[in-house]
Amino acid sequence: MSDVETETNTRIRELIDQNRVMLFMKGNKIFPSCGFSAQVVQILKHHGADFQTFNVLADPAMRQGIKVFSEWPTIPQLYVDGEFVGGCDIVTQLHNSGELEQVLAPKS
Amino acid sequence: MSGPVQDSIHDALVAALAPTVLEVINESGNHNVPPGSETHFKVIVVSPAFEGKTLVARHRAVNSALAEQLAGPVHALSIQAFTAPQWAERGGVVPDSPPCLGGSKR
């Protein structure tokens, strides 16, 4: 790994450790720049989740780094409690099946 | 009419997952790309390979089969992955992909 990759990896780890519900997306909560990202924001808001976002379009190293970090080729990517949950399709499917409620519920 | 990228996605998924149902849909026309583009796809895959696997594991299997396409021309990939019983239970219905918002103009 190059220095930049190591640094990016550390930043990603910090973000998902410091924010219980962390979404890497294109754009932000107010102005998503991609329909897939917008859909995940909408679902998280629907559940009243307290979540943070990172705009990968503003940071090419992070845009590439997040794909390497999770071995997942697409964005958005949702992390809860430090664990990778999935992208738009998975979040939508968990929302429709009712399982997302459990994923988002604070662990005691 | 299907294009070369669409065909390669189809063939790669057949080879990797032996699906019983496979639909490769070119949704590029809904996005901010020139006509005839092959950049945005949705795949519906029903395969015994998904038995007992989490959603993340299923998507990883599809992503890995399509690593070449995702590293190249394919910009967005929506995945609907089911086992045969789940597919029957759903009556063969999958949700619509979200609309384009302009994107990163790649």
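The values are calculated or read from the model by the stated rules, or taken from the named source; none is laboratory data. What you see is a predicted model; the values in this text were computed from it and never measured. Neighbour counts are summed over all protein chains in view; Cβ atoms, including those assigned to glycine, are modelled from backbone coordinates with ideal geometry.
Considering every residue within the stretch B:11-33, establish whether at least one is within 11 Å of another protein chain (Cβ to nearest Cβ) and among the β-branched types (Val, Ile, Thr). Checked against the condition, which is being within 11 Å of another protein chain (Cβ to nearest Cβ) and among the β-branched types (Val, Ile, Thr), the stretch B:11-33 yields no hits at all. Restricting the stretch A:59-93 to residues that are part of a strand (DSSP E or B) and touching a helix residue (DSSP H, G or I) at 6+ places or on another chain (Cβ under 7 Å), which is nearest to A:Cys34 (Cα to Cα)? Among residues in the stretch A:59-93 that are part of a strand (DSSP E or B) and touching a helix residue (DSSP H, G or I) at 6+ places or on another chain (Cβ under 7 Å), the one nearest to A:Cys34 (Cα to Cα) is A:Gln77. Apart from one condition, B:Val56 fits all of (1) surrounded by fewer than 19 Cβ atoms within 10 Å (Cβ to Cβ); (2) within 15 Å of the chain's Cα centre (by Cα); (3) of a type in the set (A, V, I, L, M, F, W, C); (4) more than 9 Å from chain A (Cβ to nearest Cβ); the exception is (4). Within the set A:Ser33, A:Ser37, A:Ser2, the sole residue that is within 12 Å of the chain's Cα centre (by Cα) and among the small types (Gly, Ala, Ser) turns out to be A:Ser37.
What do you reckon, is A:Phe84 at the interface with chain B (Cβ under 8 Å from one of its Cβ atoms), within 15 Å of B:Val56 (Cβ to Cβ), surrounded by fewer than 21 Cβ atoms within 10 Å (Cβ to Cβ) and not aliphatic (A, V, I, L, M)? Yes: the conditions hold for A:Phe84.
Taking the criterion of being at the interface with another protein chain (Cβ under 7 Å from one of its Cβ atoms), at pLDDT 95 or above and in contact with a Pro (Cβ under 8 Å, 6 or more places away or on another chain), the only residue of the stretch A:19-34 that qualifies is A:Lys26.
The listed residues are B:Ala61, B:Ala88, B:Ala18, B:Ala67, and the only one of them that is modelled with pLDDT of 95 or more, more than 18 Å from A:Gln77 (Cα to Cα) and either of a type in the set (Gly, Ala, Ser) or in contact with a Gly (Cβ under 8 Å, 6 or more places away or on another chain) (or both) turns out to be B:Ala18.
Any chance you could count how many residues in the stretch A:54-72 are within 12 Å of chain B (Cβ to nearest Cβ) and under 13 Å from the mean Cα position of the chain (by Cα)? Matching residues across the stretch A:54-72 total 6.
When the stretch B:14-39 is filtered for residues that are assigned to a strand (DSSP E or B), within 20 Å of B:Arg58 (Cβ to Cβ) and in contact (Cβ under 8 Å) with a residue 24 or more places away in the chain, the ones remaining, listed by number, are B:Val21, B:Leu22. Of all residues assigned to the stretch A:23-38, at least one qualifies as being surrounded by 12 or more Cβ atoms within 10 Å (Cβ to Cβ), touching a residue at least 24 places away in the same chain (Cβ under 8 Å) and among the basic types (Lys, Arg). Going by the conditions given, is B:Ala61 within 13 Å of chain A (Cβ to nearest Cβ) and either buried (at least 16 other Cβ atoms within 10 Å of the Cβ) or of a type outside the set (D, E, K, R) (or both)? So B:Ala61 fits the description; yes. Taken across the stretch B:82-103, residues that are in a strand (DSSP E or B), within 14 Å of another protein chain (Cβ to nearest Cβ) and either buried (at least 18 other Cβ atoms within 10 Å of the Cβ) or basic (Lys, Arg) (or both) do occur, with at least one present.
A single member of B:Ala76, B:Ala57, B:Ala71 is free of Cβ contacts under 8 Å to residues at least 24 places away in the same chain and within 23 Å of A:Leu57 (Cβ to Cβ), and it is B:Ala71.
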